[in-house]
Amino acid sequence: MTSAATTDVLLLAHRRDAELTERVLKDAGFSCLRCQDGPHLLAELSPQAGSLLIAEELLSPALLRHLAAGIRAQPAWSDLPVVVVASSSPEHLPLKALAELGNVSLIQRPMTQDGLQSTVASALRARRRQLEVRDLLEEQREQAERKDQFLAMLAHELRNPLTPIRYAAHLLQRPALSAERQTHLAQLVDRQVSHMGRLIDQLLDVSRLTRGLIRLQKTSVDLCALTQETLAAHAIAAQSKEILIRCECSCAVWVHGDETRLRQVLDNLIDNAIKFSSNGQEILVTITHTDGRVRWRVKDHGDGIEAHLLPLLFDAFVQADRSLERSRGGLGLGLSLVKGLVSMHGGDITAHSDGPGKGSEFTLELPAECAETAPMALAPTSTAAPSGKDVLIAEDNIDAAEALRMILEGHGYRVHVVHSGPAAVEALQAVRPQVLICDIGLPGLSGYDVARAAAAGHRPELMLAVTGYGSSEDRSSAFAAGFDGHLPKPVAVPELLRQVAGVLA
């Protein structure tokens, strides 16, 4: 039997028969419990019992009634095997009463050791399958419970940013609102939309990962440069808590990987380190190279992790500390996503903590492509926008198109807006813009078709695909159609401005 069953056979027989039967069964490797009488057998009856082996002469009408009731009271998955050792003429057996026991087998005297062992083995095999069904049902119940908890958390997390956005929308409709207050509300909306975008991206990525739909676009990636760029993106969040982030990289290390996905891995680790650190603490990121492997460590001095929770950190739908997660926000999917992405790169990630309040350290190992003695210097990128450049926006969401037009005009660009695919193709020839910012799901013609038409006519210097579909496959499709960049919605405005300014500078 499996470890889930405490006893293979509950045996009820006269003393000498019981001793001989127990010896035969133990010789065959079965565990056996001899019951002294009927009440003892009923007391030992439980879902953990493997099977019953009962001599017919001890099956009194009262025992049969109580035994049938006890078996009916077991869980729905249980169909407890009962083996009755009968005399050579079983016609006198109370067959109707025996049928009430359910799964009954008869073995007649005189019986051989092989016959007894074979009958019991068959009963236990059937019981083992029942226990496997029980374990599967329990696992499914736990998964369903975790998903229910997750959906409740998801609703909570999505409602949180919607509330301040609705408040801001109400305030923005009030007359005579000061410019300072308008700026503050706009920044509030931007922060909350960015937060919602991250939640949705995480959900989609975990779904794609579990279904094996993520495809890596591998190139040579300078890990030190990638780390410095990623840390710079978290500077504002760290400064708001007076957290110092230090990066120690003694060598330039390249890995063969997907730059976007590796950035996503570090984003999650740094975001967690900031989230679970107190004001004024330090986060240390180190990159080392040994024996063809690169180690990426993120160490903080924050809340720490209890030892029994460490094995759960990388599981989806599992919250290591629900109260903490709810106070800090998040869906608890980030580390599951990190684990999956690292595994796809042929690497591994581990977590260590000395306990609550003693900080955490995450160590990521990847196969290194090559290494040098010093990291590459990063060239600064300009975000200044030259005036007098034409930008064409193709977006069927009128509110989104108008808001983006206002943003770009505020940075000195001449902006033209269309709301369909055919109109975008016409505007490319009429306006001949230097930049095309194009939604993929346009009416009339898709954004992919617009990009292909641009290649046959006027091809802007920069074509950016803007879409609600943000998988690596969608990104590849955009590049295959001729786009130079792919920005998933909601678009981060600083990134869009950086790309536009970088091309037109």
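List of remarks:
- Within region 435-445, the set of residues being touching a Gly at 6+ places or on another chain (Cβ under 6 Å) and either open to solvent by less than 20 Å² (accessible area, probe 1.4 Å) or within 12 Å of I393 (Cα to Cα) (or both) comprises C438, D439, I440, L442.
- Here D484 does not qualify as modelled with pLDDT of 90 or more and touching a Gly at 6+ places or on another chain (Cβ under 8 Å).
- Of note, L162 does not satisfy the criterion of being modelled with pLDDT of 90 or more and either aliphatic (A, V, I, L, M) or within 30 Å of L199 (Cα to Cα) (or both).
- Residue tally, condition of a type in the set (S, T, N, Q) and exposed (fewer than 15 other Cβ atoms within 10 Å of the Cβ), over region 118-135: 2
- The residues listed here are D205, D222; of these, the one that is touching a Pro at 6+ places or on another chain (Cβ under 9 Å) and acidic (D, E) is D222.
- Any hit, region 279-298, residues being farther than 15 Å from G334 by Cβ, polar (S, T, N, Q) and assigned to a loop (DSSP other than H, G, I, E, B): yes
- Sole exception among (1) under 25 Å from the mean Cα position of the chain (by Cα); (2) of a type in the set (A, V, I, L, M, F, W, C); (3) over 15 Å from V285 (Cα atoms) for W254, by number: (1)
- Exactly one residue out of D291, D258, D267 is acidic (D, E) and open to solvent by less than 40 Å² (accessible area, probe 1.4 Å), and it is D258.
- Qualifying positions in region 226-253 - under 22 Å from F479 (Cβ atoms) and at pLDDT 85 or above: L226
Residue-by-condition table, conditions (1) over 30 Å from V253 (Cβ atoms); (2) touching a helix residue (DSSP H, G or I) at 6+ places or on another chain (Cβ under 6 Å); (3) free of Cβ contacts under 8 Å to residues at least 24 places away in the same chain; (4) not in a helix (DSSP H, G or I):
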| site | (1), (2), (3), (4) |
| --- | --- |
| L154 | yes, no, no, no |
| Y167 | yes, no, yes, no |
| A176 | yes, no, yes, yes |
| L185 | yes, yes, yes, no |
| V189 | yes, yes, no, no |
| V206 | no, yes, no, no |
| I214 | no, yes, no, yes |
| T227 | no, no, no, no |
| A232 | no, no, yes, no |
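- Of all the listed residues (A237, A225), the sole one being surrounded by 16 or more Cβ atoms within 10 Å (Cβ to Cβ) and under 19 Å from L269 (Cβ atoms) is A225.
- Selection within region 446-502 - open to solvent by 50 Å² or more (accessible area, probe 1.4 Å) and either farther than 21 Å from Q217 by Cβ or basic (K, R) (or both): D449, R452, A455, A456, R459, E461, R475, K489, P490, P494, R498
- Applying the criterion of being closer than 16 Å to K96 by Cα and hydrophobic (A, V, I, L, M, F, W, C) to the residues of region 42-68, the residue that is most open to solvent (accessible area, probe 1.4 Å) is A62.
- L404 vs. criteria surrounded by 15 or more Cβ atoms within 10 Å (Cβ to Cβ), more than 30 Å from P161 (Cα to Cα) and out of contact with any Phe, Trp or Tyr (no Cβ under 6 Å at 6 or more places or on another chain): no
- Among the residues of region 94-117, those that are surrounded by 14 or more Cβ atoms within 10 Å (Cβ to Cβ) and in a helix (DSSP H, G or I) comprise A97, L98, Q113, L116, Q117.
- Among the candidates L106, L124, L64, the residue that is closer than 28 Å to R134 by Cβ, aliphatic (A, V, I, L, M) and touching a Gly at 6+ places or on another chain (Cβ under 6 Å) is uniquely L124.
- Residues in region 452-502 that are closer than 19 Å to A401 by Cβ and among the basic types (K, R): 1 in all.
- Residue under evaluation I71, criteria (1) in contact with a helix residue (DSSP H, G or I) (Cβ under 9 Å, 6 or more places away or on another chain); (2) among the aliphatic types (A, V, I, L, M); (3) surrounded by 18 or more Cβ atoms within 10 Å (Cβ to Cβ), criterion not met: (1)
- When D201 is tested against (1) in contact with a Leu (Cβ under 9 Å, 6 or more places away or on another chain); (2) surrounded by 14 or more Cβ atoms within 10 Å (Cβ to Cβ); (3) more than 21 Å from L404 (Cα to Cα), just one condition goes unmet, and that condition is (1).
The values are calculated or read from the model by the stated rules, or taken from the named source; none is laboratory data. Since the model is a prediction, treat every value here as computed from it, not as a measurement. Please note: Cβ atoms are built from the backbone with ideal geometry, for glycine as well, and neighbour counts cover all protein chains shown. For accessibility, only protein heavy atoms count, side chains too; no ligands or nucleic acids. Shrake-Rupley method; radii C 1.70, N 1.55, O 1.52, S 1.80 Å.
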